[in-house]
Amino acid sequence: MIKKAYITYNEVHKLCQKRSKEILDTFKPNLMIAIGGGGYVPARILRSFLKRDGAPNIPIQAIGLSLYESLSSDSADAAEEPGTKVTRTQWLDLSSLQMDSLIGKNILIVDEVDDTRTTLEYAVRELEKDVETARKQSARTEKTNFYIFVLHNKVKPKKGRLPEDMENGKTYISAMETEDVWICYPWEAQNIDQHDKDAQTHGIRAITTAGISDREVSKHSHNVKNEYNEGGGKLDEE
């Protein structure tokens, strides 16, 4: 049985608000790229908090990447698990977006969850390639800075790797560090009223992980799994 935790729209809204000032003051983004489909809603909410007085809204571009595969055709029990290959389902429209407009920008990549980190690794790598291509074609040399914001970072060993400044947290922000559970987001729900009820009894739990090593992360993930098994597959109530 897969351990699930539920989060409401209200909670998503507050998570975006919680980290918005830090993002605005530290990253100073002037373009957001949302990874679909989970990054669309957080990016739109975040944009409202990132708007400065007298300044235009930060534009949002979208890319579609898929890593997860369905485990069940039954919608009541449907769940997914990480796949092994990132599939590009949508990318920046190069015909309508001048790629050299990415040069010299502070670009904030937004997604809902950092699970295996494979999708984020792919997005950063491919976007950096696009910028480098545009830089060569336009002969422009301004530096493009990439930043990441996710609602939830699952504390566990990651398969994907990000640039060092992202790995050490300088250009990466998560609104909440969580244990390794399946997070059910409200935009995935077919019955939103039931989803909100489930969130009251099976809400997501934040954990404190500042400064822990990869070895300690692995140990923590193992302990969480044991705690879950011993508890009969139920989330602990706080």
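The values are calculated or read from the model by the stated rules, or taken from the named source; none is laboratory data. Not measured: the values here are computed from a predicted model. When we count neighbours, we look across all protein chains shown, and the Cβ atoms used for this are built from the backbone with ideal geometry, even at glycine. Ligands, DNA and RNA are excluded from the accessible area calculation, which covers all protein heavy atoms including side chains. Shrake-Rupley method; radii C 1.70, N 1.55, O 1.52, S 1.80 Å.
The single condition among (1) open to solvent by 10 Å² or more (accessible area, probe 1.4 Å); (2) over 30 Å from residue 17 (Cβ atoms) that residue 193 does not satisfy is (2). Among the residues of the stretch 76-120, those that are charged (D, E, K, R), modelled with pLDDT of 60 or more and under 20 Å from residue 4 (Cβ atoms) comprise 111, 112, 114, 115.
For every residue, the table says whether it meets (1) surrounded by 13 or more Cβ atoms within 10 Å (Cβ to Cβ); (2) under 18 Å from residue 117 (Cβ atoms); (3) at pLDDT below 95; (4) of a type outside the set (A, V, I, L, M, F, W, C).
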site: 137; (1), (2), (3), (4): no, no, yes, yes
site: 141; (1), (2), (3), (4): no, no, yes, yes
site: 148; (1), (2), (3), (4): yes, yes, no, no
site: 171; (1), (2), (3), (4): yes, yes, no, yes
site: 177; (1), (2), (3), (4): yes, yes, no, yes
site: 184; (1), (2), (3), (4): yes, no, no, no
site: 199; (1), (2), (3), (4): yes, no, no, no
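Give the residue, chosen from 129, 158, 154, that is more than 24 Å from residue 206 (Cβ to Cβ) and charged (D, E, K, R). Can you show your working first?
Numbers: 158 fails: more than 24 Å from residue 206 (Cβ to Cβ); 154 fails: more than 24 Å from residue 206 (Cβ to Cβ).
Going through 129, 158, 154 in turn, the sole match is 129.
Got a number for residues in the stretch 20-33 being more than 16 Å from residue 172 (Cβ to Cβ) and not in a loop (DSSP other than H, G, I, E, B)? Quick ask: steps written out before the conclusion?
From the stretch 20-33, those more than 16 Å from residue 172 (Cβ to Cβ) are 21, 30-31; that's our starting set.
Keeping just the survivors that are not in a loop (DSSP other than H, G, I, E, B) gives 21, 31.
Going through the stretch 20-33 one residue at a time, the tally reaches 2.
Return the only residue of 191, 229 being among the polar types (S, T, N, Q), modelled with pLDDT of 95 or more and farther than 29 Å from residue 128 by Cβ.
Details: 229 fails: modelled with pLDDT of 95 or more.
Going through 191, 229 in turn, the sole match is 191.
Inside the stretch 57-75, can you point out the residues that are open to solvent by 30 Å² or more (accessible area, probe 1.4 Å), modelled with pLDDT of 90 or more and more than 20 Å from residue 88 (Cα to Cα)? Across the stretch 57-75, the qualifying residues are 57, 59.
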